1. If only one of Phe270, Phe262 is in contact (Cβ under 8 Å) with a residue 60 or more places away in the chain and assigned to a loop (DSSP other than H, G, I, E, B), which one is it?
2. Please specify each residue of region 407-431 satisfying the condition of being in contact (Cβ under 8 Å) with a residue 40 or more places away in the chain and either part of a helix (DSSP H, G or I) or in contact with a Gly (Cβ under 8 Å, 6 or more places away or on another chain) (or both).
3. List the number of the failed condition for Asn292; all other conditions in (1) surrounded by fewer than 17 Cβ atoms within 10 Å (Cβ to Cβ); (2) modelled with pLDDT of 95 or more hold.
4. Select from region 125-149 the residues that are free of Cβ contacts under 8 Å to residues at least 40 places away in the same chain and either of a type in the set (Asp, Glu) or farther than 16 Å from Val82 by Cα (or both) and write down the one among them that is surrounded by the fewest Cβ atoms within 10 Å (Cβ to Cβ).
5. Could you look through region 470-505, keep only residues that are aromatic (Phe, Trp, Tyr) and touching a residue at least 40 places away in the same chain (Cβ under 8 Å), and pick out the one that is surrounded by the fewest Cβ atoms within 10 Å (Cβ to Cβ)?
6. Evaluate the following for Ser161: is it part of a helix (DSSP H, G or I), small (Gly, Ala, Ser), in contact with a helix residue (DSSP H, G or I) (Cβ under 9 Å, 6 or more places away or on another chain) and buried (at least 21 other Cβ atoms within 10 Å of the Cβ)?
7. Within region 303-330, take every residue that is over 20 Å from the mean Cα position of the chain (by Cα) and either in a helix (DSSP H, G or I) or β-branched (Val, Ile, Thr) (or both) and give me the one that is surrounded by the fewest Cβ atoms within 10 Å (Cβ to Cβ).
Amino acid sequence: MNILISTKVLIFLSVLSICTFGQEVSRPNILLITVDDMNWNSVGAFGNSIENITPNIDKLADEGIRFQRAYVTAANCAPSRVSIQTGLYPHQSGARGFYYIDDKHTPTISTELKSHGYYTGIINKSTDTNPAPRNDKYWDYRSGFNKVNKYSASMYAEKSSGFFDQTDKNGKPFYLVVNIADPHKPNFNDPAAAKKGSDIYKPSRVISESEVSVPSFLLDLPAVRKDLRNYYNSVKRADDCVGAILTSLKSSGYHQNTLVIFLSDHGMPFPFAKSSVYDNGLRTPLIMKWPNKIKARQVRNEIVSSIDLFPTILDVAGLPVSDNPDYKGRSLIGTKNETGERYAFGNFDENSRGIPSPMRGVISKEWNYVFNAWSDDETQMQSATMNHLTYKAMKKAAQNNEEIALRIKHFNYRQTEELYNLKDDPDCLINLIEDPAFVQRLHLMRSVLRNQMIDTDDYLLEAFDLKDNDLKLKQFMTDQRYQAGVRAQNLKWKRANNSVGSTKENQYLFQSN
């Protein structure tokens, strides 16, 4: 797959090149800011009622476009981030988990911009962002944090300013990715945070437990409220970091010619959000601001996807996207609200240890369909959200409450198929898969997913066509677990451990899929 730019375009850009503040005015800068594990509606502009929780993100939304129905392509970190950079779904690029892939034929936003005169940089989480372990291929500038100061707003300001200083020296337009650590666990005031010392970086306003509302997909338990309080304080701290980055941008003098994009990599680190393909797992608070180019105070309600960021950024930079059919995204610049039914597609393939639990989600304006290839009433879901206080409290409460026990059972084992009406049930509590009143909608959503699987050469199509054959579906999953074990032993991993143990001894290993 190649991204092509014509000789005429290069000449045109060269002729229009006028330097101000050390940059080419005719070619805009791009600043992509991500937060880690933040629910779409944790942001004030997207409906959070906690007073003054995200003033900096809210201001960004007020000055640009708020995409009310934006979704990421994967409900866990590395697959989602690689998908943003490549413009491909995880099963298309091969980046289904937390291992590196062969990127020989997989362009990224950074490689395309870098090869056409942009200065590229990344601050934090380069490992999860990169398809392959080749930082020099993707980035001219790379900077990280230690385990403590990655929560410091002043450190984000310092590192952003350092990048802008380098931009001054090279006179190129820039593409900078800044990945904020919050509100990933451990959250502010979590025991693990106190243990490693990161609580020295307090949010600018500490949120109290009384300010917290418990979403209906969780249980209103004292431990859950405590866990949510800590999460929202980390949301607040993330907003402080966004503010620091944007202040550095303005101080640099580049802000007037910079497209700023903000989003989260997936939903909050709680059951039924992160690591799920429900609305709360895939929906993201996408915002775009571009002074004098994007009209302020816009709200767009059509369904869009993080898969659209690849063509959007190349469009802004004046680079046409290849007509290769593997690319399913579309530029969001200049696209108007659409009234026809659109769909967002989301993946979860395996967790950070390489244990497969493949799921696919299809989301329309009012419906959420889920296919769980691994669900067999025996296999239990493996998710990072099970390691924290909320899940443990819900599981304990289930011991003496049959209704809660059913909820926990559903979380652990799911069903092969699920169908939810988002208009009446936005938190996906009532599975309508067996309700005859919605059989027509079920058939439609199945058809939409199957067509998407065919169109993107999804390995899970085989399982989808076996969904009514329990024995063959189990055999499919047996094969998937075997293949995951082979990957764990032979590929280079982004984490120190996987399903077969430590990866430290085989860091030299690498092979393509």
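1. Phe270
2. Across region 407-431, the qualifying residues are Arg407, Phe411.
3. So Asn292 meets the others, but not (2).
4. Asp136
5. Across region 470-505, the extreme among qualifying residues is Phe476.
6. It is false that Ser161 is part of a helix (DSSP H, G or I), small (Gly, Ala, Ser), in contact with a helix residue (DSSP H, G or I) (Cβ under 9 Å, 6 or more places away or on another chain) and buried (at least 21 other Cβ atoms within 10 Å of the Cβ).
7. Applying the filter and picking the extreme gives Asp315.
Residues are listed down the side, and each one gets a yes or a no for (1) under 27 Å from Pro426 (Cα atoms); (2) buried (at least 19 other Cβ atoms within 10 Å of the Cβ); (3) modelled with pLDDT under 95; (4) polar (S, T, N, Q):
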| residue | (1), (2), (3), (4) |
| --- | --- |
| Asp190 | no, yes, no, no |
| Ala194 | no, no, yes, no |
| Val214 | yes, no, no, no |
| Asp220 | yes, no, no, no |
| Asp227 | yes, yes, no, no |
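The values are calculated or read from the model by the stated rules, or taken from the named source; none is laboratory data. Computed from a predicted structure; not experimentally measured. Here Cβ is always computed from backbone atoms with ideal geometry, including for glycine, and neighbour counts include all displayed protein chains.
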